[in-house]
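**Q** I'd like to ask you about the structure that follows.
What follows is calculated from the coordinates using simple rules that are stated; it is not laboratory data. Since the structure is predicted, the reported quantities are computational estimates derived from the model, not experimental observations. Don't worry about glycine lacking a Cβ; one is built from the backbone with ideal geometry, like all the others, and counts go over all protein chains shown.
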Amino acid sequence: MLQLSGIQHFRFCPRQWALIHIEQQWNENQLTIQGQFLHRHADDSSYRQKQGEIVTLRSVPLASSSLGLNGIADIIELHPAPSAHNAITHPNYPGFWFPVPIEYKHGRPKHDYIDEVQLAAQAICLEEQYQIAIPRGFIYYGTTHHRLTVDFTPDLRQAVAETAHQMHQAFNQGSTPPPSPGPHCRKCSIADICVPYIFNCPRPSYYLAKNLLQ
Ligand code: SF4
């Protein structure tokens, strides 16, 4: 099994994923600290709360054998269900419930669907674990204080399956891909470890010939 959280790293940059999940490298930057700050209340697995009709569970373990991924969901909300059909039960809350995955992100909605793919992966885990269908979830963005509704469409599910497959292929090969430098590197906390522009540097033989051997 690979880490569910790795799916966002892999979609962001396969080299970043390999450095973190194969080579066990890590560094903090402003964005990762902000992310931890936003998640600080979401990481308490003992926390449960019922507000009105909705139960909030935090730090929920997830796994999918079809994806070969496991990990932790920030928040799963339980919405009341009228019957056992496509619903689950909870030992502390009588009745039937629809589980709805919720992800917390700093920043604002992006154009690359990384956050949506990560959330859909959580939904697929829940569907496998409870043999139910989950049509949608929500992403809460810290900058906009806005909940984005994410429908788990066939295309989004396909993107999850393809990403998980590529992650396993890369993990089995055990090699870290070369950097693909770009504007995204500015957000990368492990850029100092990656050194993304190193392959743009002249070869040492060129440097020696140009500066020392003339
Ligand atoms: S610095 Fe750029 S290429 Fe290197 S791991 Fe980070 S995002 Fe990927």
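**Q** According to a simple spin-label model (label point 7 Å from Cα along Cα-to-Cβ), what is the distance in nm between GLN25 and ASP155?
**A** 3.4
**Q** Can you tell me, using C-alpha contacts under 8 Å and at least 6 residues apart, the relative contact order of the chain as a whole percent?
**A** Over the chain, the number comes to 22 percent.
**Q** On to the next question. How much FRET efficiency would the formula 1/(1 + (r/R0)^6) give for GLN169 and ASN92, where r is the Cβ-Cβ distance and R0 is 30 Å, rounded to 0.05?
**A** Plugging the Cβ-Cβ distance into 1/(1 + (r/R0)^6) gives 0.15.
**Q** May I ask you to list the residues of the range 84-101 whose amide nitrogen lies under 13 Å from a point 7 Å from Cα along the Cα→beta-carbon direction of LYS50?
**A** 90-97, by backbone N distance to the label point.
**Q** Find me the longest stretch of the chain that has none of the exposed trypsin sites (Lys or Arg not before Pro), where exposed means in a DSSP loop (not H, G, I, E or B) with at most 14 other Cβ atoms within 10 Å.
**A** So the longest stretch without any such site is 111-214.
**Q** If you take the beta carbon distance between ILE193 and ALA63 as r and set R0 to 35 Å, what does 1/(1 + (r/R0)^6) give as a FRET efficiency, to the nearest 0.05?
**A** So the FRET efficiency works out to roughly 0.75.
**Q** Need one number for the range 2-211: average projected area of the convex hull over its C-alpha atoms, nm².
**A** Quarter of the Cα hull surface area: 13.9 nm².
**Q** Full extension from ILE72 to LEU212: what is 0.36 nm times the residue separation minus their Cα-Cα distance, to one decimal in nm?
**A** In short, 44.9 nm is gained.
**Q** Classify the range 77-174 as rounded, prolate or oblate, taking a ≥ b ≥ c as the square roots of the eigenvalues of its Cα gyration tensor: rounded when a/c is under 1.5, otherwise prolate if a/b is larger than b/c and oblate if not.
**A** It is oblate, given that a/c is not under 1.5 and a/b is not larger than b/c.
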